[in-house]
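Trainee: Right, I'll just put the structure down here and ask away after.
Please treat every number below as a calculation from the coordinates, not as lab data. The shown structure was predicted, so the numbers you read here are calculated from the model rather than taken from an experiment. Ideal geometry is used to build each Cβ from the backbone, glycine not excepted, and the neighbour counts take in all protein chains shown.
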Amino acid sequence: MYLNDSSVISPMQAFVGGVPGIGVGNVQQMQERLLGWNIPPEYSDLVHPYWRGFLAPGRYWHIGFALIYFMLMVMSFVGNGCVVWIFTTSKSLRTPSNMFVVNLALFDILMAVEMPLLIVNSFLERPVGWQLGCDIYSALGSVSGIGSAINNAAIAFDRYKTISCPIDGRLNSKQAGVIIALTWFWTMPFTILPWMRVWGRYVPEGFLTTCTFDYLSEDQDTKVFVGCIFIWSYCIPMTLIITFYSHLIKSVRKHEKMLREQAKKMNVKSLQTNSGDKERSVEMRIAKVAFTIFFLFVCSWTPYAVVTMTVAFGNRDALTPFSTMLPALFAKTVSCIDPWVYAINHPRYRLELQKRCKWMGIHEPMPQSDSVSATTERVSDES
């Protein structure tokens, strides 16, 4: 429930009968239930006045979110931890392409690192550590979110180069390392600037248990900041992902069409060592990987992008504490799903899990190295 400035009742108004049906005892109870009621005066500037017009959510909401985030935290640490462990200690999996998978897992682990802060905040019903705690929480989310977005673009570029130009396009370890370093550098500007108060700032939002950059202030400086971070962390990675995967799909279709035409001229069924079913499987595998990466990126960032852009440049009347908690939940949920989507479908990764973690009950058949086409092997390695 939102109460505008005219709806906030003072004790004097209630005492003199200015508002029918409200007694003095009810006024104190009502004031304590407004968001920000437990923020001391010396930290009052930490909470944007907009949030103070909403009733504070019941404690069961805080406990519910704390339990959800605890489960997500465990899933993320286990899933992404296994990815880093297996891919870095298995010689057969230490390839340039898989370096991007490990890098994505590291970004997702950073997202999980901020979850204990949110759990503590939920029980306190305020940011622990006040401004410093809010800065740490927001910085972890900024590096993880922006890093995951640009790393997805790096994965799209790597797979495009590897599959479309298999002879001279495959990235080596040094090139992959440079690109990975650039993904971390990409996260720095819009993480450091708000932290240092140079441009923008980090503030609590929603239930005042999560923090992010300020998108509620109506000054021109804040609006420009919101627009720039939207382009930097959303539009540019989205454009790169769509571009690389579009070129990849076009390249594969063009290659397959050329093989079919050549086979027709030679009066053979196929020039590949496998049947037409294998040929179709290659295209479907590529389409599945491209769509999954794109879909996860959209699910992770679009809700938050819509909220911030709507509030900064549109009508904020629809913004409620609950509506801002959901996008954060989506982003953290995706960080837990990533290791399953990007790694659990990798045959060699499953084989390593089968050997090292027998308690998981994984039964992965041994790969048939001689009966798989070169193209299919490349797709499997990059999946």
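Trainee: Just want the ordering: H247, H62, from fewest to most Cβ atoms lying within 10 Å of their own Cβ.
Mentor: H247, H62
Trainee: Ranked highest first by the average count of other Cβ atoms within 10 Å around their residues, in what order do 121-128, 308-315 fall?
Mentor: 121-128, 308-315
Trainee: Within 11 Å, Cβ to Cβ, of H62, how many net charges do the neighbouring residues add up to if Lys/Arg are +1 and Asp/Glu are -1? Don't skip to the end; give the middle numbers.
Mentor: On the way: positive: R59, R126; negative: E125.
Overall, the nearby charge balance is +1.
Trainee: Follow-up. Would you order T333, T212 from fewest to most other beta-carbon atoms within 10 Å of each residue's own beta-carbon?
Mentor: Numbers: T333 17, T212 23.
Going from sparsest to densest Cβ surroundings: T333, T212.
Trainee: Would you list I229, I236 from fewest to most Cβ contacts within 10 Å? Before the final figure, lay out each step's value.
Mentor: On the way: I229 22, I236 15.
Listed from fewest to most nearby Cβ atoms, that is I236, I229.
Trainee: Also: Around T89, what is the net charge, scoring Lys/Arg as +1 and Asp/Glu as -1 over all other residues with Cβ under 15 Å from its Cβ?
Mentor: On the way: positive: K91, R94, R348, K355, R356; negative: E352.
After counting each charged neighbour, the total is +4.
Trainee: Of the cross-linked pairs K91/K355; K91/K161; K161/K257; K174/K250, which ones have a Cα-Cα span greater than 25 Å in the structure shown? Present the calculation step by step, with values, prior to reporting the outcome.
Mentor: Numbers: K91/K355 14 Å; K91/K161 23 Å; K161/K257 19 Å; K174/K250 28 Å.
Result: K174/K250 exceed 25 Å.
Trainee: Something else about it: What's the local net charge at P189, with K and R +1, D and E -1, over the other residues with C-beta under 15 Å away?
Mentor: On the way: positive: R197, R201; negative: none.
Spelling it out: positives minus negatives among the neighbours equals +2.
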